[in-house]
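> Next up is a structure, given as structure tokens.
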Number of protein chains: 2
Amino acid sequence: MKLCDLGEDAFLEELQKRLPPSAPPVRIGIGDDAAALDLPAGESILVSSDSLVEGVHFTARSLPPRFIGRKAVAVNASDIAAMGGRPVAVLASLAARRDAEVDALLDLLMGLAGRAGELGASLVGGNLAASPGPLVVDVTILGVSQGRRVLTRKGAALGDGLFVSGRLGASAEGRRLIKERSGAGPGTIPSGSLTPAEECLRRHMDPEPRLELGAFLCRSGAATSCIDISDGLARDLARLCRASAVGAVLEEAALPIHEGVRVGEGEAGREPLASALAGGEDYELLFTVPDPRRLQDWENPDVALTRIGAVAESGSGIRLRARDGSERVLAAEGWDHFARSGLPAVSE
Amino acid sequence: MKLCDLGEDAFLEELQKRLPPSAPPVRIGIGDDAAALDLPAGESILVSSDSLVEGVHFTARSLPPRFIGRKAVAVNASDIAAMGGRPVAVLASLAARRDAEVDALLDLLMGLAGRAGELGASLVGGNLAASPGPLVVDVTILGVSQGRRVLTRKGAALGDGLFVSGRLGASAEGRRLIKERSGAGPGTIPSGSLTPAEECLRRHMDPEPRLELGAFLCRSGAATSCIDISDGLARDLARLCRASAVGAVLEEAALPIHEGVRVGEGEAGREPLASALAGGEDYELLFTVPDPRRLQDWENPDVALTRIGAVAESGSGIRLRARDGSERVLAAEGWDHFARSGLPAVSE
């Protein structure tokens, strides 16, 4: 069987079936946003890897080298955010062509190191390998947890409210805007007050991991489970539900769709709902909360928290309740790197 | 400038110049075999990344998937060995084609997880990304040090003896043997008593990181500096000398060249000295010792320790003393992934 016929999630399930169960010092192994290792002296280390591949996640024209590096750090930091930790170090492994331009690679790595510094981490190592293929930027991030406390995908319980941070679909809209410009991204991102479209470009090119929020949710004990939205709300919700052995109901009217997506709708006939559910690369946090009053201490007005539904029984699957009250079962289809169709799909 | 004109080491130097100096909790940043992070509770974490790229480090025919996985772990564990630590966890990031065979990838990852287990570590995470290019296997390894004690490349002092473990050139000979078979490696490795040629194949396909030795050198305080030999003795010695700001004299007659390389010499006209100096992928440890009596407690007869020279003043460079007593300056040329010539070179 080929990878594209099986898909990434099913592949990881096959792998997990074959691996021995985690044993100390591994507290959380494969299958969550990051792994957690307990060290004898009382600390826990969080660790996660994620790659950006030229031609898949970016092209030389869509993303300047500095932003490739910045994004590679941010998407990894998002996994640490989802576990409630703070990043301390990153390693960058590049597979590059022998005739790659040194200046571009240095820009990439300086962007990476600079972004790591903004997030409280240092670039401490990595590797440079020759490759006849596309540029592959693989980043590993190390974080520390708050004592031994971590947020995981597992823990959502029947009746918990389902919450999401920020606004959805912005990154997919940014990707679409770059495609419209024949695949050429802007060389930089305007600062100051941004239009909705500029905001979407920024969310796509230079995503913001929700570290402060993840730390708050972990410290306060407000959330019972958490995942970051990297492959679309529908697919990442399905992962959280699978890990927690629950179902969920999403309220269509409650979904906080980014206003830039609404603008794009008129221009390109794009369905904003599809962007929100399956656009991918939002890097917001999706989490479950038994008592919403415990979110009252969250005081960052730039990162809104929105209740978008509730946890339901396991057997009921994941359903979307439309504005007219009708419900449909939502397939857990986000952006699968290996799906034969390159398009995100929402099926009945 | 292109990467192949600059080379990997010079590229890393350029990068280091631009990065801010390491600050706590980073004790050792870019530039050694692994980075070291000090955690508040008193432990130190070692971390390192290394990749294997299809078409560069292996081909689908030269190395069965299980051995790709095993080797990817072993070469990373070798970096932890060189710092005197023990591995605890590995992460594996694969960039694979969408039509890659699931069974082959699972074999690879099970080989990787199995080898990690043999070395005391667990596979705890990773990532799977679609890539239109060759298979890239990027492994990050986490290790723990003995208290805060680590071995580094820095610390060699004038007059220290220069030592190497095991025998050199075996991996390069194994690579040559596979090339002779039209690039097809054996599907597995014979067990039991091996011929010298089989031993060379094993060292190439399934290298043995010197974890026990690294731990001994670190614990006993016998070594003042240490590096693993991944890119050839000449090049890795140059790295150690650069980090320690010293020179070195190698004794040609003392070099422990693997007997399989001597056999290969007659068959293929290969220069055994070149294999030993620049063959690469030996994954032995190269270390400096002020007082050789402190090595007397090393009791593993399968891993011989050989004195191959001495540390000299910085200005004298790295010299090779021939059997007739004449000396030549050895260029620090090992196997540079980005060198235009694919051949290891030893120049006058």
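> Considering only residues that are surrounded by fewer than 23 Cβ atoms within 10 Å (Cβ to Cβ), touching a helix residue (DSSP H, G or I) at 6+ places or on another chain (Cβ under 8 Å) and either farther than 30 Å from B:GLY111 by Cα or basic (Lys, Arg) (or both), which ones fall in segment B:197-221?
B:ARG202, B:SER220, B:GLY221
> Filter segment B:62-73 down to residues that are surrounded by 24 or more Cβ atoms within 10 Å (Cβ to Cβ) and among the small types (Gly, Ala, Ser) and give me whichever is nearest to B:CYS218 (Cα to Cα).
Across segment B:62-73, the extreme among qualifying residues is B:ALA72.
> In segment B:1-21, which residues are over 24 Å from the mean Cα position of the chain (by Cα) and either farther than 19 Å from B:LYS154 by Cα or at the interface with another protein chain (Cβ under 7 Å from one of its Cβ atoms) (or both)? Full working, then the answer.
The initial filter retains those residues of segment B:1-21 that are over 24 Å from the mean Cα position of the chain (by Cα), namely B:1-2, B:17-21.
Result: B:MET1, B:LYS2, B:ARG18, B:LEU19, B:PRO20.
> While we're looking at this one, here's another question. When A:ARG176 is evaluated against the numbered criteria (1) surrounded by fewer than 23 Cβ atoms within 10 Å (Cβ to Cβ); (2) assigned to a loop (DSSP other than H, G, I, E, B); (3) away from chain B (no Cβ under 13 Å), which criterion, by number, is the only one it fails?
Evaluating A:ARG176 over (1) surrounded by fewer than 23 Cβ atoms within 10 Å (Cβ to Cβ); (2) assigned to a loop (DSSP other than H, G, I, E, B); (3) away from chain B (no Cβ under 13 Å) leaves (2) as the failure.
> Given the conditions (1) in a helix (DSSP H, G or I); (2) under 23 Å from B:PRO87 (Cα atoms); (3) facing chain B (nearest Cβ under 7 Å), and given that A:LEU37 satisfies all but one, which numbered condition is not satisfied?
Status for A:LEU37: all satisfied but (1).
> Turning to a different aspect of this structure: Mind checking whether some residue in segment B:263-270 is among the small types (Gly, Ala, Ser), farther than 30 Å from B:GLY31 by Cα and not in a helix (DSSP H, G or I)? Working first, answer last.
Residues of segment B:263-270 that are among the small types (Gly, Ala, Ser), as a first pass: B:264, B:266, B:268-269.
Narrowing further to those that are farther than 30 Å from B:GLY31 by Cα: B:264, B:266, B:268-269.
The next check asks that each one be not in a helix (DSSP H, G or I); those that pass are B:269.
Among the residues of segment B:263-270, at least one is among the small types (Gly, Ala, Ser), farther than 30 Å from B:GLY31 by Cα and not in a helix (DSSP H, G or I), which makes the answer yes.
> Check A:PRO134 against each of (1) in contact with a Pro (Cβ under 7 Å, 6 or more places away or on another chain); (2) under 25 Å from A:GLU212 (Cβ atoms) and name the one condition it does not meet.
Among (1) in contact with a Pro (Cβ under 7 Å, 6 or more places away or on another chain); (2) under 25 Å from A:GLU212 (Cβ atoms), A:PRO134 violates only (2).
Condition check ((1) open to solvent by less than 30 Å² (accessible area, probe 1.4 Å); (2) in contact with a Lys or Arg (Cβ under 9 Å, 6 or more places away or on another chain); (3) modelled with pLDDT under 85; (4) not charged (D, E, K, R)) across all residues:
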| site | (1), (2), (3), (4) |
| --- | --- |
| B:GLY247 | yes, yes, no, yes |
| B:GLU252 | no, yes, no, no |
| B:ALA276 | yes, yes, no, yes |
| B:GLU281 | yes, yes, no, no |
| B:LEU305 | no, no, no, yes |
| B:ALA345 | no, no, yes, yes |
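> Just checking, how many residues over segment A:117-146 are over 17 Å from A:LEU37 (Cβ atoms), open to solvent by 10 Å² or more (accessible area, probe 1.4 Å) and hydroxyl-bearing (Ser, Thr, Tyr)?
1
> In addition: Can you pull out every residue in segment A:147-172 that is out of contact with any helix residue (DSSP H, G or I) (no Cβ under 8 Å at 6 or more places or on another chain) and open to solvent by 30 Å² or more (accessible area, probe 1.4 Å)? First the steps, then the outcome.
Keep residues of segment A:147-172 that are out of contact with any helix residue (DSSP H, G or I) (no Cβ under 8 Å at 6 or more places or on another chain), which gives A:147-148, A:158-160, A:166.
Within segment A:147-172, A:GLY147, A:ARG148, A:LEU158, A:GLY159 meet the criteria.
> Something else: Where in segment B:44-162 are there strands (runs of 3 or more DSSP E), lying wholly inside it, with at least 2 residues that are in contact (Cβ under 8 Å) with a residue 60 or more places away in the chain and within 13 Å of chain A (Cβ to nearest Cβ)?
Numbers: elements: B:44-53, B:86-96, B:122-130, B:136-144.
Those strands (runs of 3 or more DSSP E) span B:44-53, B:86-96, B:136-144.
> Return the total of residues in segment B:23-43 being touching a strand residue (DSSP E or B) at 6+ places or on another chain (Cβ under 7 Å) and open to solvent by 60 Å² or more (accessible area, probe 1.4 Å).
Summing the residues that are touching a strand residue (DSSP E or B) at 6+ places or on another chain (Cβ under 7 Å) and open to solvent by 60 Å² or more (accessible area, probe 1.4 Å) in segment B:23-43 gives 2.
> Residues that are surrounded by fewer than 20 Cβ atoms within 10 Å (Cβ to Cβ) and closer than 23 Å to A:GLY114 by Cα: does segment B:44-61 have at least one?
Checked segment B:44-61: no residue is surrounded by fewer than 20 Cβ atoms within 10 Å (Cβ to Cβ) and closer than 23 Å to A:GLY114 by Cα.
The values are calculated or read from the model by the stated rules, or taken from the named source; none is laboratory data. Note that the structure is a prediction, hence the values are computed from the model and not measured. In this analysis, Cβ positions are derived from the backbone assuming ideal geometry, glycine residues included, and neighbour counts consider all displayed protein chains. Areas reflect the complete protein model, heavy atoms only, side chains present, ligands, DNA and RNA absent. Shrake-Rupley method; radii C 1.70, N 1.55, O 1.52, S 1.80 Å.
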